[in-house]
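Peer 1: Below are the structure tokens for one structure; questions will follow.
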Amino acid sequence: MTRTAQKKAAAARIAASTPADARAGVRLDVWLWASRFFRTRALAKQAIEGGKIKLGDANGKASKLLHAGDRLKIARGEEQFEIEVLALCEKRGSAAAAQQCYRESDESRSAREAAATQKRMAAAGYTKPATKPDKRARRLIRALGDIDAL
């Protein structure tokens, strides 16, 4: 028997001894990366270890196998996602293909849109100056700062 035949036979034995449910899963960190929630697997793993990813109601582990139908809560920056896993993907593809792997709940989507609108409205009153302040303007800014200190 050649080496490649031995490797194939060993892989077949391992696959046969593994239950069907365990084979149908994908690692949580791989799925988060492949479905484009995180740019790298390392960032996905950090988020999982930091408690930002909840599988059901429990904290997830990077090596936990994910199955179709599982529910995830993902906190990424200020965004909160509540999703249901529809398909398992191990390879990172296009954004359109990644969106076919999950379905976001309507409550989650509306909450994210409301938070984005609120953030936009808060920033709407501020206009960035066209240039840096000159020497005279810096002196005035310092003088105003001194008044506030009183």
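Residue by residue, here is whether (1) touching a Cys at 6+ places or on another chain (Cβ under 6 Å); (2) modelled with pLDDT of 90 or more; (3) surrounded by fewer than 10 Cβ atoms within 10 Å (Cβ to Cβ); (4) among the hydrophobic types (A, V, I, L, M, F, W, C) holds:
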{"site": "GLN6", "(1), (2), (3), (4)": "no, no, no, no"}
{"site": "ALA20", "(1), (2), (3), (4)": "no, no, yes, yes"}
{"site": "LYS45", "(1), (2), (3), (4)": "no, yes, no, no"}
{"site": "ALA68", "(1), (2), (3), (4)": "no, yes, no, yes"}
{"site": "GLY77", "(1), (2), (3), (4)": "no, no, yes, no"}
{"site": "LEU88", "(1), (2), (3), (4)": "no, yes, no, yes"}
{"site": "LYS91", "(1), (2), (3), (4)": "no, yes, yes, no"}
{"site": "SER94", "(1), (2), (3), (4)": "no, yes, yes, no"}
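Peer 1: So is TYR126 of a type in the set (Phe, Trp, Tyr) and surrounded by 11 or more Cβ atoms within 10 Å (Cβ to Cβ) or not?
Peer 2: no
Peer 1: Can you tell me how many residues in segment 40-82 are part of a loop (DSSP other than H, G, I, E, B), without any contact (Cβ under 8 Å) to a residue 12 or more places away in the chain and in contact with a helix residue (DSSP H, G or I) (Cβ under 9 Å, 6 or more places away or on another chain)?
Peer 2: 1
Peer 1: Sticking with this one: Looking at segment 99-128, I want the residues that are aliphatic (A, V, I, L, M) and have a partner that is loosely packed, with under 13 Cβ neighbours inside 10 Å with Cβ atoms under 8 Å, at least 6 apart or on another chain. Which pairs are those?
Peer 2: Partner pairs satisfying both residue conditions: ALA115/GLU78.
Peer 1: Quick check on my filter: what residues within segment 40-76 are in contact with an Asp or Glu (Cβ under 8 Å, 6 or more places away or on another chain) and among the charged types (D, E, K, R)?
Peer 2: Listed by number, the residues that qualify are ARG41, LYS45, ASP70, ARG71, LYS73.
The values are calculated or read from the model by the stated rules, or taken from the named source; none is laboratory data. These numbers were taken from a predicted model, which means no experiment stands behind them. Every residue, glycine as well, gets a Cβ built from its backbone with ideal geometry; the counts of neighbours run over all protein chains shown.
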